[in-house]
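First comes the structure, then the notes that go with it.
The values are calculated or read from the model by the stated rules, or taken from the named source; none is laboratory data. Here the structure is a predicted model, which means the values were calculated and not measured. All Cβ positions, glycine included, derive from the backbone under ideal geometry; neighbour counts span all protein chains shown.
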Amino acid sequence: MAPASEVSAAVLSLWGGFCAYNAIQMAVQITIYLNEADQWHHRPLSMEILNYLRQESVYAATAIHSVGGFLGRHRVKTAHMVEAGGKLPVIIIFVDTDEQVTRVLPTLKEMAAHRLIVRENVVLEQGDLD
């Protein structure tokens, strides 16, 4: 499998007897699973991560505040549960090149210690990282 750092690869396709080259752009997507009570230096961790990613010029990032979810073997928490108090899931998703992700990931692992971080190689169907 080619590394995601090969941002532009040529794929040969045959259509009606003609050969065409289609550029495929690869990227890496990181998903970080937090809860709303998580903090970094007494500030909400989700916002601190977004600020860090922006400061490091990561291409695209978003924080999603969930209405419910669970982590590991813990019970499901929902927005309707009064006792949820700060335990609702927050998901950070960001996309960039393999090199950029590799550069920022050590700090994110420190910031979100003991939280689930998932790394996936993805194909950009539309848009580019330039």
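Of the residues that make up the range 60-67, is at least one under 13 Å from Gln29 (Cβ atoms) and either in contact with a Leu (Cβ under 7 Å, 6 or more places away or on another chain) or not β-branched (Val, Ile, Thr) (or both)?
Looking for residues that are under 13 Å from Gln29 (Cβ atoms) and either in contact with a Leu (Cβ under 7 Å, 6 or more places away or on another chain) or not β-branched (Val, Ile, Thr) (or both), one finds at least one in the range 60-67, hence yes.
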Check your understanding: In this structure, is Ser5 among the hydroxyl-bearing types (Ser, Thr, Tyr), modelled with pLDDT of 90 or more and part of a loop (DSSP other than H, G, I, E, B)?
Key -> no
**Study point:** the range 84-102 - residue that is charged (D, E, K, R) and surrounded by 14 or more Cβ atoms within 10 Å (Cβ to Cβ) and, of those, modelled with the lowest pLDDT
**Key:** Lys87
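For every residue, the table says whether it meets (1) under 16 Å from His114 (Cβ atoms); (2) at pLDDT 95 or above; (3) not β-branched (Val, Ile, Thr).
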residue: Gly16; (1), (2), (3): no, no, yes
residue: Ala23; (1), (2), (3): no, no, yes
residue: Met26; (1), (2), (3): no, no, yes
residue: Ala37; (1), (2), (3): yes, no, yes
residue: His42; (1), (2), (3): no, yes, yes
residue: Asn51; (1), (2), (3): no, yes, yes
residue: Glu56; (1), (2), (3): no, yes, yes
Check your understanding: If we keep just the residues of the range 116-130 that are charged (D, E, K, R) and modelled with pLDDT of 95 or more, which is nearest to Ile32 (Cα to Cα)?
Key -> Arg119
**Study point:** Within the range 26-84, tally of residues that are assigned to a strand (DSSP E or B), of a type outside the set (Lys, Arg) and more than 17 Å from the chain's Cα centre (by Cα)
**Key:** 6
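Name every residue in the range 103-130 that is assigned to a loop (DSSP other than H, G, I, E, B) and surrounded by 13 or more Cβ atoms within 10 Å (Cβ to Cβ), in order of residue number.
Within the range 103-130, Ala112, Arg115, Leu129 meet the criteria.
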